[in-house]
Amino acid sequence: MRLTLARRAAVAATLGLTLVASAACGAVTSANDDSTGSGEFQLADYISEAVEQGDQLKIRLSYHDPSLAFAVPIREGMERAAKELGVDAQMIGPTGGSAADQVAELQTLINQKQIHGLAVSSASNDALKPVIAQAYDAGIPIISFNTNNPESKQMGFVGQDLVASGESLAKELLGVLDGETGKVVVVSVDSGAGWSNDRFSGFESGLKGSGIEIVGPVNTGNEPSAAYNTIESTMAAQKDAIALVSLDCCSFTAGAKWLEQSGNAGKIHSVGFDVQPQTVEYLKAGVVDLTISQGPAEQGYQAVKLLVDYLKNGTEISDVDTGALVVTPENVASVPVEG
């Protein structure tokens, strides 16, 4: 069975990040020690032996699409943790975001018994649930990062509270609009993904009773030119829209490009997520109003640290909320670029 979450604490972290601790497991025990058949997590024998012998631990972060620009700062945080903690940490995952490919790659790693800890950012929550359970049942410590999979057997989560981040975006948008009401177009590179649904539900909740009419979310896809074209055609059909809202980094930059090239910068408000290099330039130029950072480097760092602390010290695994830092033209120079 999945272990219960029992405690919460908050401490200051990089960029004002918040650590939210909730007990997921206790002492490190061998899989052979589970004589009760309780289904609670038991560490695989080969992992216990590696820890006892002081072998270099192998940690893998499976990201749903390592080709994305957002993967760059996550990898940087991962590599920083690997160096500090003396472990072998690598990012893996399918180019293009194929859930089937991600599952196949993870199943191979699990069956080979060559890894000591796993962190997964799911291409599809439903598709990844069984393989997360497979790792858990095989005695491999497994957490989620970046994209939460709360109905799975994950032992913890590192990343932004996506629903809360959507609510934060709604609150910031209302501040930007300053009482103006009308149509707001919402776009996403993958409107059917769990992370997108969570952010959108929070955004919807945050706008209740505001008089704002939401159009979307419109699926743009991840290919830049296709995303641009989709936004262009959508906005042509919504000529009275007062704002363009993005649920991710890539549709945000595509939307900003459209605003700039169509002459709508400064006329239509725009808010979104992440601090990509292009986003920084659009912020400085006044093309977009603000963006929200989710601390991707901290996600990579904390994912490795949680697993290593559990394996080496028996430290209980805890959720880490990397927060929602609002980035504006006024403070963008002090915020690390994510990509």
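Things to note:
- Translational diffusion of region 293-339, µm² s⁻¹ [Kirkwood Rh, Cα pairs; Stokes-Einstein; 25 °C; 0.890 mPa s]: 198 µm²/s
- Accessible area per residue, Å², region 70-225 with all protein chains present, probe 1.4 Å: 40 Å²
- Distance-filtered residues of region 299-325 - backbone nitrogen under 12 Å, label point 7 angstrom along S201 Cα→Cβ: none
- For T220, net neighbour charge (Lys/Arg +1, Asp/Glu -1) across residues whose Cβ lies under 10 Å away: -3
- Annotation for V326 and E213: the two label points, set 7 Å from Cα along the Cα-Cβ direction, are 2.7 nm apart.
- Using the Cα coordinates of region 45-150, the gyration tensor eigenvalues translate into equivalent-ellipsoid semi-axes of 22, 18, 10 Å, sorted from longest to shortest.
- Proximity of backbone amide H atoms, modeled 1.01 Å from N, is registered between T147 and S122 at under 5 Å, excluding neighbours fewer than 5 places apart on the same chain.
- ³J(HN,Hα), Karplus 6.51/-1.76/1.60, whole Hz, each residue of region 66-75, x for Gly, Pro: x, 7, 5, 4, 5, 5, 4, x, 4, 5
- Sequence ranges 327-339, 239-251, ranked by mean other-Cβ count within 10 angstrom, highest first: 239-251, 327-339
- Modelled FRET efficiency - R0 35 Å, S262 with E84, Cβ distances, 0.05 increments: 0.15
- Helix-only [θ]222 nm of the chain, DSSP H runs n ≥ 4, -39500 (n - 2.57) each, per residue, nearest 500: -12500 deg cm²/dmol
- Relative to the current alpha-carbon distance between T315 and A226, full extension at 0.36 nm per residue lengthens the span by 27.4 nm.
- On full extension, the segment bounded by S233 and E49 gains 60.4 nm, given 0.36 nm per residue less the C-alpha separation.
- Under Karplus coefficients 6.51, -1.76 and 1.60, residue-wise ³J(HN,Hα) of region 218-229 in Hz, glycine/proline x: 8, 7, 9, x, 9, 6, x, 5, 5, 4, 4, 4
- Simple point charges give the picture: +1 on the Cβ of Lys and Arg, -1 on the Cβ of Asp and Glu, and for the chain a dipole about the Cα centre of about 200 debye.
- Counting protein heavy atoms only, the chain has 48 percent of its accessible area on carbon and sulfur, 1.4 angstrom probe.
- Binned Cα-Cα distances of region 164-266, short to long, each 5 Å bin given as a whole percent: 3, 13, 26, 25, 21, 10, 2, 0
- Here the 3J(HN,Hα) profile of region 41-52, calculated from phi with Karplus coefficients 6.51, -1.76 and 1.60 at θ = phi - 60°, is 5, 10, 5, 4, 4, 5, 6, 4, 5, 5, 5, 4 Hz, Gly and Pro shown as x.
- Distant-in-sequence amide contacts of V215, defined by a placed amide H-H separation under 5 Å and a gap of 5 or more residues or a different chain, comprise V184, V185, V186.
The values are calculated or read from the model by the stated rules, or taken from the named source; none is laboratory data. Since the model is a prediction, treat every value here as computed from it, not as a measurement. In this analysis, Cβ positions are derived from the backbone assuming ideal geometry, glycine residues included, and neighbour counts consider all displayed protein chains. With ligands, DNA and RNA removed, areas are computed over all heavy atoms of the protein, side chains included. Shrake-Rupley method; radii C 1.70, N 1.55, O 1.52, S 1.80 Å.
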